[in-house]
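Read-outs throughout are calculated quantities, based only on the coordinates presented, and are distinct from any laboratory measurement. Just so it is clear, the model here is predicted, and its values are computed rather than measured. Neighbour counts are summed over all protein chains in view; Cβ atoms, including those assigned to glycine, are modelled from backbone coordinates with ideal geometry.
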Ligand SMILES: C[S@@+](CC[C@H](N)C(=O)[O-])C[C@H]1O[C@@H](n2cnc3c(N)ncnc32)[C@H](O)[C@@H]1O
């Protein structure tokens with residue numbers, strides 16, 4: 001039996017997928033749980049479990065804005081790049097197959113293991129390193145590199161991380177409430193929701209999730225954990241669903257989960273650090289390319305690039321414009337690149353991607 005599950009689709013989109021059910025015709029998938037039930041009845045659960053595990057590895061992640069990234073980085077022989085967000089290695093493979101060398105890092109050991117095998121044919125052209133991109137200078141130094149022709153950051157989580165229930169990012173697939181991209185260290189989402197005070201939870205949900213009902217979500221969490229500490233993603237999703245009502249296609253816990261993920265992985269803090277560090281490893285003409293998936297990240301990248309792309313600064317109170325001491329970037333296009341319709345059709349998760357590019361002067 002061949003099972004086709006496109007794991008890069010959001011869980012909510014899986015009902016567009018079909019399970020070829022042998023002689024039984026096509027069965028629309030609504031959820032993993034329902035599918036498990038169907039297969040258990042048919043005595044074929046083991047077959048599915050093994051096949052879906054293979055699928056998850058086979059479809060680790062689909063690279064977004066691939067054309068646009070290639071256009072920005074212009075890979076070729078003699079060029080060397082740093083990919084700080086290896087994920088499934090999709091972008092790195094595009095760079096390698098165009099003759100470039102790549103130092104690729106990820107804080108997720110699953111990614112390093114998967115990509116090391118997948119790209120082994122590129123030999124010394126590809127150097128995988130485990131670590132947070134906020135330590136980009138140390139990671140590059142560990143492989144003897146101090147300058148690269150381009151830095152690529154494709155922020156957020158991979159499809160593999162979202163789809164793997166055990167990683168605890170999903171409100172639909174029950175798993176341990178973890179959400180750490182780097183499983184080797186740091187506080188889990190369970191630690192955070194079980195210990196942070198109500199005010200801190202409100203701040204996290206407001207700031208990182210832009211959740212209007214942050215107060216209600218935080219209060220419900222504090223009340224629920226007094227009875228029993230949170231351990232599983234479904235426990236948290238259920239508590240949130242009681243106080244936040246579903247709008248559109250989104251699950252009520254979407255924004256709370258996003259906010260916790262950002263807090264657990266300090267996603268905005270490390271982004272500010274890596275952007276500064278990227279400037280230090282790029283020579284004149286070197287390219288910084290950053291793909292973001294939500295407005296908080298995009299705002300940081302936009303402001304960082306804009307602040308360094310103005311040659312002169314002017315203020316109403318100054319008699320004349322002054323040179324900008326931060327000036328060091330040229331922006332080939334001021335607006336970010338977004339995926340074309342054909343890409344969104346083929347990969348629904350790409351719909352909110354934005355690529356910003358800057359060139360060191
Ligand atoms: C969107 S995926 C990248 C996909 C990749 N470009 C591809 O084509 O397969 C993001 C990856 O970046 C990693 N990541 C996110 N933040 C990171 C950080 N601060 N340091 C290192 N890796 C990070 C995640 O673990 C995840 O594997």
Zone of residue 124's modelled label, taken as backbone nitrogen in the range 90-112 under 14 Å from a point 7 Å along Cα→Cβ: 101-102
Residues 101, 61, 130 arranged by fewest to most Cβ contacts within 10 Å: 130, 101, 61
Rg(Cα) / (2.2 N^0.38 Å) computed for the range 183-262, rounded to two decimals: 1.01
More than 13 angstrom apart: percent of Cα pairs within the range 113-170: 73
Packing-based exposure ordering (other Cβ within 10 Å, fewest first) of 305, 187: 187, 305
Exposure proxy order (Cβ contacts within 10 Å, fewest to most) of 160, 216, 77: 77, 216, 160
Pair residue 143, residue 341: separation of 7 Å Cα→Cβ label points (nm): 4.0
Translational diffusion of the range 208-341, µm² s⁻¹ [Kirkwood Rh, Cα pairs; Stokes-Einstein; 10 °C; 1.306 mPa s]: 86
Difference of contour (0.36 nm per residue) and Cα-Cα distance, residue 306 to residue 203: 34.3 nm
Virtual spin-label span in nm between residue 242 and residue 74, 7 Å along Cα→Cβ: 5.9
